[in-house]
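These notes concern the structure reproduced below.
Every number here is computed from the coordinates shown, using simple stated rules; none is lab data. Please read all numbers here as calculations on a predicted model, not as lab measurements. Cβ sites come from the backbone with ideal geometry, for glycine too, and all protein chains shown count toward neighbours.
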Amino acid sequence: MNQKQIFNSLAKNAFDFLKQAIEEFDRSPKYSVIHFCAAVEMILKARLMVEHWSLIVSKPEQANIDKFISGSFISVTMEESRLRLRDIAKEEIPDDAFNSFRELANHRNKMIHFFHSGIDKNEQAKAKIVAEHCRAWFYLHQLLEKWDAYFKGFRGEVSKANRAMKSHSKYLSAKFKVLKPELDAARNAGNVPQKCNACNFKAAIPDHLDQQITNLTCIVCDHIETQVEIECPHCSQQVVVASEGFATCWNCGGKIEPEHVVYALTDGAAHIAIADGENGWENANCANCDGYHTVVNRSNFYFCGNCFDISDHVEYCGWCNEPNTGDMEHSYGSGCNHCDGRMGWEKDD
Ligand SMILES: [Zn+2]
Ligand SMILES: [Zn+2]
Ligand SMILES: [Zn+2]
Ligand SMILES: [Zn+2]
């Protein structure tokens, strides 16, 4: 088996597990939790596989191809996968996405270690599982779209899974009905609930931070999302970019990258500031994602167009004098995430 064949068999298996998890849910929620989580892990491993097969072995320095193919090896944990993807493939799995995957894994561990009786008939427990699946699929789907160059042979599987997830969320309709008074109250208060990108119910209550940036909280599946509305850099149509700066334009199919979001958000704000003769409107560096000049001043708050993190203020690095969303107290000596401070400068001397 060559690298490509191993990748294909891993990815194929992942979609098979996902399908199984959705199909068997009603019969056996326990196995559904276990299989769904395994599918997520396999997709992450498949992406690692693209770099090198030994990266999915817990200790790559001890990796042995024969043992690998026969399946006798200890594979990476979810945490290790994330770190290796970041450090080796330069693929960042955002916090929100990873937290939702870890939640699945914790739930899976509980299911494996403790016997839960009666879960098959416990509607509340089942709704919780489906909500968890909806959120995890939202993030996994996003990653698969971002990694389309590697998973292009599986586009059919991705859209099949997406359709299956849509019908999977029907298990949340009882909860949706119960929450109707709350949704009506939000609507009456002017916060018209929108369709949730994770569970598809019209239950995401918007909180408009400004004209372009909105926080949405779904009260059915608890999915939280920040949306930014910008002009598509390719076709000039209005597009909504959800959670992290990657999206595909609904109109022209063009890729929207974090730098487009940063640029689009800077534009408006900077114009007003310049007209008002205000200082301090240069973009700041992000302490959360290490983004360089990705943090835009939105007059009431600071917003990172790369990781969508919101900060209420920025501080200036004592050494390089760049604005930064992190704590800059000791920055004169030790620097910020984009300079090494005085100590680094002396070392170079
Ligand atoms: Zn939802
Ligand atoms: Zn477009
Ligand atoms: Zn950031
Ligand atoms: Zn600095």
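The table that follows gives values for the structure above.
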{"read-out": "Rounded FRET efficiency, nearest 0.05, which uses the C-beta distance separating residue 145 from residue 170 and R0 of 25 Å", "value": "0.55"}
{"read-out": "Rg/Rg_globular for region 175-269, with Rg_globular taken as 2.2 N^0.38 Å and Rg from C-alpha atoms", "value": "1.18"}
{"read-out": "Residue 234 paired with residue 27, simple spin-label distance in nm, labels 7 Å along Cα-to-beta-carbon", "value": "4.2"}
{"read-out": "Cα→Cβ-extended label distance, 7 Å offset, between residue 114 and residue 65, nm", "value": "4.6"}
{"read-out": "Most mobile listed residue (29, 323, 181) in the chain, GNM with C-alpha springs under 10 Å", "value": "181"}
{"read-out": "Base-10 log of normalised Debye intensity for region 1-121 (one unit scatterer per alpha-carbon) at q = 0.22, 0.23 Å⁻¹", "value": "-1.29, -1.35"}
{"read-out": "Residues with amide H under 5 Å from that of residue 197, placed H, sequence gap 5 or more", "value": "none"}
{"read-out": "Per-residue Cβ neighbour rank within 10 angstrom, fewest leading, 248, 214, 294", "value": "248, 214, 294"}
{"read-out": "Semi-axis lengths, Å, region 1-67, gyration tensor of Cα atoms, sqrt of 5 times eigenvalues", "value": "27, 12, 9"}
{"read-out": "FRET efficiency for residue 182 and residue 321, using Cβ-Cβ distance with R0 set to 45 Å, rounded to 0.05", "value": "0.40"}
{"read-out": "Ascending count of other beta-carbon atoms within 10 Å, so fewest first, for 221, 289, 252", "value": "252, 289, 221"}
{"read-out": "FRET efficiency, 1/(1 + (r/R0)^6) with R0 22 Å, evaluated for residue 163 and residue 252 via beta carbons", "value": "0.35"}
{"read-out": "Label-point gap, in nm, between residue 8 and residue 330 - each point 7 angstrom along Cα→Cβ", "value": "5.3"}
{"read-out": "Extension reserve of the residue 80-residue 215 stretch, reckoned as 0.36 nm per residue once the Cα distance is removed", "value": "45.5 nm"}
{"read-out": "Proxy reagent accessibility, fewest Cβ within 10 Å first, across 133, 168, 234", "value": "234, 168, 133"}
{"read-out": "Within the chain, helix-based [θ] at 222 nm, where runs of 4 or more DSSP H residues each add -39,500 (n - 2.57), nearest 500", "value": "-15000 deg cm²/dmol"}
{"read-out": "GluC sites (Glu not before Pro) within region 7-43, DSSP loop, no more than 16 other Cβ atoms inside 10 Å", "value": "24"}
{"read-out": "Greater than 27 Å apart at Cα, pairs in 59/166; 59/90; 128/160; 19/110", "value": "59/166"}
{"read-out": "Rg to Rh, two decimals, where the chain supplies the alpha carbon set and Rh follows Kirkwood", "value": "1.01"}
